[in-house]
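Only one structure is covered here, and it is reproduced in the block below.
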Amino acid sequence: MRFICTNEHGPEEEREPAFPAFSAFSWVICRRPSDGKVLLCHEPAAIAGGKPNYWFPAGRVDEGETFLMAGERETLEEAGVKAKVKGVLVFKLGGGLVPRVVLYAEPFEDQ
């Protein structure tokens, strides 16, 4: 059986970026300064293994991206919120020494 990579379908500008040779992940804690509320993304049951859930925006750092760029991109992609990373909360190495960074961000224009 042959599996076709989704990166081979559709217009090139709409394809997912290629997997980087080195995996790394960014999580974002996005807090609105005006009231201290924190952004969570709703994940429907169909995606979350049968039970809906809420998560912080997070994802893989794409090739050519920094942790900060990935965090800001994931916040916009997953929550529709444009945010600016203000700092690093946690840096850790996961299984297989995969770097994972938790970033602190704030939304633009108090979204």
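Residue by residue through the range 58-108, note down the ones that are free of Cβ contacts under 8 Å to residues at least 24 places away in the same chain and closer than 24 Å to K37 by Cβ. Result: R73, L76, E77, G80, K86, G87, V88, V90. Quick one: in the range 29-54, which of the residues that are assigned to a loop (DSSP other than H, G, I, E, B) and open to solvent by less than 50 Å² (accessible area, probe 1.4 Å) is farthest from V88 (Cα to Cα)? The residue in question is A45.
Taking the range 55-111 as the search range and keeping residues that are hydrophobic (A, V, I, L, M, F, W, C), part of a helix (DSSP H, G or I) and closer than 14 Å to C41 by Cα, which one is least open to solvent (accessible area, probe 1.4 Å)?
Let us first name the residues in the range 55-111 that are hydrophobic (A, V, I, L, M, F, W, C), namely 55-56, 58, 61, 67-70, 76, 79, 81, 83, 85, 88-91, 93, 97-98, 101-103, 105, 108.
Going one step further and asking which of them are part of a helix (DSSP H, G or I), we end up with 67-70, 76, 79, 97, 108.
Applying the additional criterion that residues be closer than 14 Å to C41 by Cα yields 76, 79.
Details: L76: 94, A79: 38 Å².
Ranking the candidates gives A79 first.
Looking only at the range 27-52, which residues are touching a residue at least 60 places away in the same chain (Cβ under 8 Å) and in contact with a Lys or Arg (Cβ under 8 Å, 6 or more places away or on another chain)?
Of everything in the range 27-52, those that are touching a residue at least 60 places away in the same chain (Cβ under 8 Å) and in contact with a Lys or Arg (Cβ under 8 Å, 6 or more places away or on another chain) turn out to be W27, R31, L39.
The values are calculated or read from the model by the stated rules, or taken from the named source; none is laboratory data. Fair warning: this is a prediction, and the values are worked out from it, not measured in the lab. Ideal geometry is used to build each Cβ from the backbone, glycine not excepted, and the neighbour counts take in all protein chains shown. Only protein heavy atoms, including side chains, enter the accessible area calculation; ligands, DNA and RNA are left aside. Shrake-Rupley method; radii C 1.70, N 1.55, O 1.52, S 1.80 Å.
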